[in-house]
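Let me begin by presenting the structure, written as structure tokens, before commenting on it.
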Amino acid sequence: MFLQAILVTALILTAAKPILPDFLVRLPDVWIPPFADWLDVFFEFIRGDMDAGRWGLIYVTRWFADGPLEFMLGVTANILEGRHRWPYFENPLPWSSVAAVTVVLGYYLGGWRMALLAGGTMIWTALMGQWNITMQTVSVLLVAAPLGFAIGLVVGITAWKYRSFDNAIRPLLAVMQTLPFYTYLLPAVIFFKVGPTAGAIATTIYATPPMILMTTIGLRKVSPEVVEAGKMSGATRWQMLTKVFIPTARTEILVGVNQVIMLSLAMIVLTAFIGMPGLGATLLSSMNSFRLGRSLEIGITIVLLAIMLDQMSKAWVAKQPVHFERGTPWYLRHKHVVVALVLFSVFYVAAQFFDMLNDIGRRQSFSQAREIDALIKGFLALDVVKSITGTIRYVLNVWVLVPFRDALLWIPTSAFILFVVAFAYGVGGKRPALYALIFFSLVALSGWWDRSVITLYTVFAAVFLASLFGIPLGIVASRSERWSKRILMLCDTAQTFPSFVYLLPAIMLFGITDTTVVLSVVIYTMVPLTRYTIEGLRNVPPEMSEAADMSGATRWQKLTSVQLPLAVPTMAVGFNQAIMFAFFMVIIAAFIGTQDLGQELQRTLAGTDLGKNFVLGICVSLMALTFDMAILSWANRRKKALGL
Amino acid sequence: MQTDTPVISCRNAWKLFGPNPRQYLSQMPDGQSYNDILADGYIAGVKDVSLDVGKGEMLVIMGLSGSGKSTLVRCFSRLHDITGGTIEIDGQDIMALPEKGLIELRRSKMGMVFQSFGLLPHRTVLENVAFPLEMRGQDSHKRRERAMEVIKLVGLDGREGYFPRELSGGQQQRVGIARSLVIEPDIWFLDEPFSALDPLIRREMQDEFLRLQEMLGKTIVFITHDFDEALRLADRIAIMKDGAIEQCDTPDQIVLNPKTPYVLKFTEDVEKALVVHASALAKPLNGEAVEGTPIDGGMTIRQLARTLVNDPRENLPVADSSGTVTGVMSRKAALDLLMGPA
Ligand SMILES: Nc1ncnc2c1ncn2[C@@H]1O[C@H](COP(=O)(O)OP(=O)(O)O)[C@@H](O)[C@H]1O
Ligand SMILES: [Mg+2]
């Protein structure tokens, strides 16, 4: 009843647009509170001012940036890429030595398969002449990820110890996970200096929330008997924490580590936008100058690195200690360390004599960038290809995207908000509806309404298109055990790719256009859609499918009346994730040239406009959270109702 | 084996679970039943329990699941803080102990074995067993030596380098037992130690346990929900229901004189002749003279079956372990117990 009332009001408001008073169509500028200025004042206050000698946060952050952080980054940079920092090694480590140690680590964690993956990645990187830029990225990763781990662990433990602290940070973490990455970059730059320091900090902060959550979950899961056994052994509180809780929660904590590593990698690549050198920066500049061959090669390096790090850290999670027979000598107990040291030294010495093992420069490399470039451009210049991409672009733009965008922009603000509230109410219930009302009103008050609507439009259009392909693909794949496994593995792998590389195929096909943005988001969001469709359908209890078979249902009937309804809650989770991914990607893709919030956000990166940067970021976050809450609460309720 | 000073002395102990148990208990009128308390939003985990455990005694706490057995034992070791009453260990009120004292008590006097073992998954058998020693800061060499001793005692030598998940359930519980014994505790708590094992292994572990107990002679509080297990092991059995103790007595007395219908239910299916000893059936002499060779009061009626059938005497004198005659047993009563009333 209530739902109908909101919907009817919204429809009336829309239909009556020509006669509506102006403030219901768009908020007049004079009504917009200067949030950005207020935030600026606030930030100014807590920041302090070094020139004027006014105390504030910046003293702490600058100290941290100039002291410990700079030092750690300097050490890894010196060792891996040879920058002139402590410990002042003449040259960076030879690539072959680093590769050898990585291979042994891979073997230790996951046997020959992992060793092969590690070796392949390393050799590819070196042969392509990308060793140096890769090490620039890795040297920051080696600081940012452990930092994220340490912070996450400490905060996670605190949240586990103190319920009230946990309750306090939960909403903060939710917002943090939906804030666009650009919103992390600017404050990082302002508080922590440009370059690797800011990049490392932004990365760390972005990558920490999952570590916090996993730590808390892991510690809560420690079985009460293990805890009691610890207490009865006379452990003090500190001993309980370090010798009972943390080791027993190892699995969850390591899952957190995996997530920290993967998020860190994805974000370090993105810090190219604030001038961090490395894989991301090179990829960005190659893409901007349309050097597709080189972009592709770097993309492959990033993907390989991501797969390697993901697989190795997952293998670490799964690795269980195994005992040694009595009397095993020490060099057999530590055979991996011994082998790694030996290989490291052998390659180190060999590299002094054979330059190929030390460093493969751009010129000697096996990179085929130019040739690939010519190939791709030749392919794109083919008339057939041109006409196909041209048609797709035309149809998408003229028939789908532009009309949809214009329609959304045409709707009066008041009606738009009511539509969203109606959606949240119908799907999630009262609480989500209330939040939708508050959140979208805030977006309207931010003064960035049109750009927010354009952001939303891109998200919707992309998720809609992705559903058209992703869901049927999932349904078809779920028919067979084998294909389900294959596609799931593909999705799992694809999910580890840093989001940046998703832009590559779209740019290759469609150049730097609007369509590219939508298409890259489509590819990115297809992954969770397909994945959860398969999972939802495969997890339908077999009794129910069998019952349908015994009732003489055809395959189609079985699918539509038994399997899909049971799978829908899981699929909704995937749909929700797709929307969250889309928000993330749309903003990232802004550098291609969009007219949404992302573009404005990116512009702020060049200045010191913290207030505006935050207002824009929070707009994105508020919209994302609205849908997140509504859809997830529906999925949970539905799951409960179905007894899943 | 009992002596006079109790090792554990528990007076009117209460443990309530709920939002504000202390305040609730202080205002609660007398005679509230379990369900009255439940209706007020509290669970009576332990309800007004008074109990002594003597030195070297094996007390078995028995009851259905949810009756409060684990809670009671966790109050003894102060894993739970009791809501009311007092619990003394060796005359020391444990609720008055500061954290340090409590840790000291556990490090020196108590050992506990858990139903699902509670082993630390990332540590080897040796490291698990040595854990309590590590907690009190013993040096690693001595730790190792002592842990190996206990590992041998429970028959796990050769496996000390294994990790818990590499062991069977029975072996894991041996590790749990070894860990609880490594500090040579005076008091040994076992919370359904064999319930998670399959019946064959359970039997084997019970024998093993009796062997250990004979060797070590500890004060033991043993929890089980298995009445046969209780009868097999106990010096005394305390039967719990809804947090309260229904009856606390020797196995013989529980089988012969169940005090409440609830206790009766447990005893109904028991082969009584297997449990009851001659001494329990014996009546006092009251100065009467008895003749003939006495029977051994420590034998069960089943063990005496042949004698009972062949011996023509109406009343049989019963002797204690030193050979002094302490009472007489009516042959008819014993035969009734053996074969059912005629
Ligand atoms: N930490 C706790 N919080 C709330 N209720 C508890 C807690 N521990 C035990 N209980 C309740 O106390 C009662 C007795 O539990 P317990 O002592 O574990 O029974 P038993 O060991 O005999 O199976 C049960 O109803 C149980 O639900
Ligand atoms: Mg229990």
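Annotations
- From the list B:Arg146, B:Arg107, B:Arg123, B:Arg136, the lone residue that is over 24 Å from A:Val222 (Cα atoms) and either of a type in the set (Lys, Arg) or at the interface with another protein chain (Cβ under 9 Å from one of its Cβ atoms) (or both) is B:Arg146.
- Set A:Ile388, A:Ile300, A:Ile372: member being aliphatic (A, V, I, L, M) and surrounded by fewer than 16 Cβ atoms within 10 Å (Cβ to Cβ): A:Ile388
- Selection status of A:Asn78, of a type in the set (S, T, N, Q), part of a helix (DSSP H, G or I) and in contact with a Pro (Cβ under 7 Å, 6 or more places away or on another chain): yes
- The one condition in (1) out of contact with any Phe, Trp or Tyr (no Cβ under 7 Å at 6 or more places or on another chain); (2) closer than 21 Å to B:Leu233 by Cα that B:Val60 fails to fulfil: (1)
- Selection status of B:Lys100, within 13 Å of chain A (Cβ to nearest Cβ), within 15 Å of B:Thr219 (Cβ to Cβ), more than 16 Å from ligand 1 (Cβ to nearest atom) and not polar (S, T, N, Q): no
- Residues in region B:38-59 that are within 13 Å of ligand 1 (Cβ to nearest atom) and either in contact (Cβ under 8 Å) with a residue 24 or more places away in the chain or of a type in the set (D, E, K, R) (or both): B:Tyr42, B:Ile43, B:Ala44, B:Gly45, B:Val46, B:Lys47, B:Val49.
- Residue match in region A:311-322 (condition: of a type in the set (Val, Ile, Thr), more than 36 Å from the chain's Cα centre (by Cα) and either surrounded by 14 or more Cβ atoms within 10 Å (Cβ to Cβ) or closer than 30 Å to B:Arg159 by Cα (or both)): no
- Taking region A:325-353 as the range and being exposed (fewer than 12 other Cβ atoms within 10 Å of the Cβ) and assigned to a loop (DSSP other than H, G, I, E, B) as the test, the residues that pass are A:Glu325, A:Arg326, A:Gly327, A:Pro329.
- Count - residues of region B:155-201 that are of a type in the set (D, E, K, R), over 27 Å from B:Leu79 (Cβ atoms) and within 12 Å of chain A (Cβ to nearest Cβ): 4
- Which numbered condition A:Thr204 misses (of (1) farther than 27 Å from A:Asn167 by Cβ; (2) away from chain B (no Cβ under 14 Å); (3) in a helix (DSSP H, G or I)): (1)
- Meets criteria (under 30 Å from B:Leu212 (Cα atoms), away from ligand 1 (no atom under 16 Å from the Cβ) and surrounded by fewer than 17 Cβ atoms within 10 Å (Cβ to Cβ)) for B:Gly298: yes
- If you go through region B:211-238 and pick out every residue that is away from chain A (no Cβ under 14 Å), within 16 Å of ligand 2 (Cβ to nearest atom) and buried (at least 19 other Cβ atoms within 10 Å of the Cβ), you end up with 6.
- Qualifying residue in region B:34-55 (condition: acidic (Asp, Glu), closer than 26 Å to B:Ala230 by Cβ and either within 14 Å of ligand 2 (Cβ to nearest atom) or out of contact with any Lys or Arg (no Cβ under 8 Å at 6 or more places or on another chain) (or both)): yes
- Within region B:217-247, if we keep just the residues that are in a strand (DSSP E or B) and more than 11 Å from the chain's Cα centre (by Cα), the residue that is farthest from B:Arg203 (Cα to Cα) turns out to be B:Ala244.
- Reported count of residues in region A:244-298, each being part of a helix (DSSP H, G or I) and within 14 Å of another protein chain (Cβ to nearest Cβ), is 10.
- Of B:Leu337, B:Leu304, B:Leu281, B:Leu285, all but one fail to be modelled with pLDDT under 85 and within 27 Å of B:Cys248 (Cα to Cα); the exception is B:Leu285.
Per-residue answers, yes or no, for (1) touching a residue at least 40 places away in the same chain (Cβ under 8 Å); (2) closer than 30 Å to A:Val402 by Cβ; (3) out of contact with any Phe, Trp or Tyr (no Cβ under 9 Å at 6 or more places or on another chain):
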position	(1), (2), (3)
A:Met526	yes, yes, no
A:Arg531	yes, no, yes
A:Gly552	no, no, yes
A:Thr570	yes, no, no
A:Asn576	yes, yes, no
A:Ala582	yes, yes, no
A:Ile587	yes, yes, no
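The values are calculated or read from the model by the stated rules, or taken from the named source; none is laboratory data. Treat the numbers as computed from the prediction; the structure is a model and nothing was measured. Cβ atoms come from the backbone with ideal geometry, glycine included; neighbour counts cover every protein chain shown.
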